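*Asks:* I have a structure here, written as structure tokens, and I will follow up with some questions on it.
Every number in this text was worked out from the coordinates using simple rules, so none of it is lab data. Please read these numbers as outputs of a predicted model, since none were measured by experiment. Note: ideal-geometry Cβ built from the backbone for every residue, glycine included; neighbour counts use all protein chains shown.
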Amino acid sequence: MGLAEIAAVAAIGSAVVGTVGAYQQSQAAKSQANYQRQVAENNAVIAQQNATRIRQQAEVAEDEQRERIAATKGAAKARLAANGLLVDDPGYTTASLSLQDIAQFGALDILTLRYNYEQEARVAEIQGSNYQAQAGLFGLQAAAQSPGFAAAGTLLSSAGKVYGAGKEAKWWG
């Protein structure tokens, strides 16, 4: 076997190795994109679960705040009554105004709790939407990978070298 034949065999070997390598590289890129898509989808589910959990915590925190308000109002009524003030007298008495203040500030606290928890839940939902968008992009990346076309492209681009080497080795006219 002469030098020309060795060069032709090497060109064929290079074409085969390059074709297999292109196929494997494209397949690996596709697998990686599919994996990243799945991770992003899982993260989106977790983010939504976090938003749900945060809203559940908000309900508990609001209920606890209502209980604290009721306890504070009860303790205030007891103190006012102990000082000899009428506590069940509707109107503009010191006792009724004090109890109204407690109720109003308590309601404000509940609204603040609700707002803060809702903001936190919205952040989790936005994060989930971002993960869903990422999953879509990774899905597109995976779909764009075509190991067969990558291999065919490499094989076709190597065909000229194989032909030239074979012609020089006098394998074909």
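*Asks:* Can you give me the number of residues within segment 139-164 that are under 30 Å from Glu41 (Cβ atoms), surrounded by fewer than 17 Cβ atoms within 10 Å (Cβ to Cβ) and among the hydrophobic types (A, V, I, L, M, F, W, C)?
*Replies:* Going through segment 139-164 one residue at a time, the tally reaches 4.
*Asks:* Right, another one. Could you list all residues from segment 137-173 that are among the aromatic types (Phe, Trp, Tyr) and part of a helix (DSSP H, G or I)?
*Replies:* Across segment 137-173, the qualifying residues are Phe138, Phe149, Tyr163.
*Asks:* Evaluate the following for Glu64: is it surrounded by 15 or more Cβ atoms within 10 Å (Cβ to Cβ), among the acidic types (Asp, Glu) and on the phi < 0 side of the Ramachandran plot?
*Replies:* So Glu64 does not fit the description; no.
*Asks:* Moving to a separate point now. How many of the residues making up segment 40-56 are more than 24 Å from Gln119 (Cβ to Cβ) and without any contact (Cβ under 8 Å) to a residue 24 or more places away in the chain?
*Replies:* Here the count works out to 1.
*Asks:* Going by what's in this entry, would Ala95 be described as in contact with a Leu (Cβ under 9 Å, 6 or more places away or on another chain), of a type in the set (Gly, Ala, Ser) and farther than 23 Å from Glu64 by Cα?
*Replies:* Considered against the rule, which asks whether it is in contact with a Leu (Cβ under 9 Å, 6 or more places away or on another chain), of a type in the set (Gly, Ala, Ser) and farther than 23 Å from Glu64 by Cα, Ala95 comes out as yes.
*Asks:* If Ala95 satisfies all but one of (1) buried (at least 16 other Cβ atoms within 10 Å of the Cβ); (2) touching a residue at least 60 places away in the same chain (Cβ under 8 Å), what's the number of the condition it fails?
*Replies:* (2)
*Asks:* Of all residues in segment 45-80, count the ones that are touching a helix residue (DSSP H, G or I) at 6+ places or on another chain (Cβ under 8 Å) and more than 26 Å from Val123 (Cβ to Cβ).
*Replies:* So the answer is 7.
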